[in-house]
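The values are calculated or read from the model by the stated rules, or taken from the named source; none is laboratory data. Keep in mind it's a predicted model, so treat the numbers as computed, not measured. Cβ placement follows ideal geometry from the backbone for every residue including glycine, while neighbour counts extend to all protein chains displayed.
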Amino acid sequence: MPDLALPGLSYHYEVSGDGAPLLLLAGMMSDSASWTPLLSLLEPHFTLIRPDNRTTGRTTPWDAPVSVGQMAEDAVALMDHLGYGRFHVVGHSMGGLMGMEVAGLAGSRVITLSILASGPVRVPRTMAVFDTLAEIRALDGGETAWLKALYPWIFRPAFFGDPANTEAALAGALAYPFAQSLPAMRHQIEALRGFRPRFRPADITAQTQVLFAEHDLLIPEAASRIAFAQMPNVLHEVIADAGHSIHWDQPRTIAHRIIAHARAG
């Protein structure tokens, strides 16, 4: 798929499917490939636009200036480039924060917004997890160890009932040719640490659904609900038996919610 030339950046993106445009914004340490579990479920209903955020995937250079706001601006520039006047947005984790920024920047162009396992609240423990994962990755054997340390934070408890799940996840991650490097990972962590939203929940007028994960260890649901309650058009739902990687743990449920929300919008 093509790259979009932006100032100081070659912005990679993937497009697939057929239907109304749906912008998919990945979370921390993830890129366009992170949406794989949803592709076959959503492609019959939407044209899926999946960028690699700054510091990730095939977007280069990895050390270009980065902030959550810049990543949102990149996404809006991509939708302009592709000629989409109005579109739907789905964002996971950090991508949910990006989605709110996109909704603020693009205004009425955003038809619906779906926020997955995310919240507009500062969570020092979550940042400590990311910092520790980077420290583990820097050690001898760290390329495997940091992933093993990550999985309990992001997958549902049932994932660990079969050791083969961890081995399969590790094999896939270690074989992925466009994985984010450790320096790029640290660059992105600092971008999230420095995030200061330009748009508050009360500023977001798009029809919005927030899908929390029952077993999310990274996003505090109670505090996030209070923040999201300021949105004028918001619905909340908790997805059972899901961890922070909500669309990997429950892809069919998440795809159904995205499709239904877009139709209602």
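See the values below:
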{"item": "Residue ID - surrounded by the fewest Cβ atoms within 10 Å (Cβ to Cβ), chosen from residues in region 66-95 that are over 26 Å from residue 251 (Cα atoms) and of a type in the set (Gly, Ala, Ser)", "result": "83"}
{"item": "Positions within region 227-251 being in contact (Cβ under 8 Å) with a residue 60 or more places away in the chain and over 17 Å from the mean Cα position of the chain (by Cα), in sequence order", "result": "227, 228, 241"}
{"item": "Region 129-180, subset under 21 Å from the mean Cα position of the chain (by Cα) and of a type in the set (Ser, Thr, Tyr), residue nearest to residue 30 (Cα to Cα)", "result": "176"}
{"item": "Which numbered condition residue 211 fails, given (1) part of a loop (DSSP other than H, G, I, E, B); (2) crowded, with 23+ Cβ neighbours inside 10 Å", "result": "(1)"}
{"item": "Residue list for region 145-164, restricted to those being touching a residue at least 60 places away in the same chain (Cβ under 8 Å) and not in a helix (DSSP H, G or I)", "result": "155, 156"}
{"item": "Filter result (closer than 21 Å to residue 84 by Cα and either touching a strand residue (DSSP E or B) at 6+ places or on another chain (Cβ under 6 Å) or among the polar types (S, T, N, Q) (or both)) within region 96-121", "result": "96, 98, 99, 102, 103, 108, 110, 111, 112, 113, 114, 115"}
{"item": "Lone qualifier among 213, 184, 202, 206 - being of a type outside the set (D, E, K, R) and at pLDDT below 95", "result": "202"}
{"item": "Looking only at region 165-186, and only at residues there that are among the aliphatic types (A, V, I, L, M), under 26 Å from residue 66 (Cα atoms) and touching a residue at least 24 places away in the same chain (Cβ under 8 Å), the one that is surrounded by the fewest Cβ atoms within 10 Å (Cβ to Cβ)", "result": "174"}
{"item": "Residue match in region 22-42 (condition: surrounded by fewer than 19 Cβ atoms within 10 Å (Cβ to Cβ), more than 20 Å from residue 252 (Cβ to Cβ) and among the acidic types (Asp, Glu))", "result": "no"}
{"item": "All positions within region 102-144 that are touching a residue at least 60 places away in the same chain (Cβ under 8 Å) and among the β-branched types (Val, Ile, Thr)", "result": "102, 110, 111, 112, 115, 121, 123, 126, 129"}
{"item": "Flag if residue 197 is of a type outside the set (Val, Ile, Thr), surrounded by fewer than 18 Cβ atoms within 10 Å (Cβ to Cβ) and touching a residue at least 40 places away in the same chain (Cβ under 8 Å)", "result": "yes"}
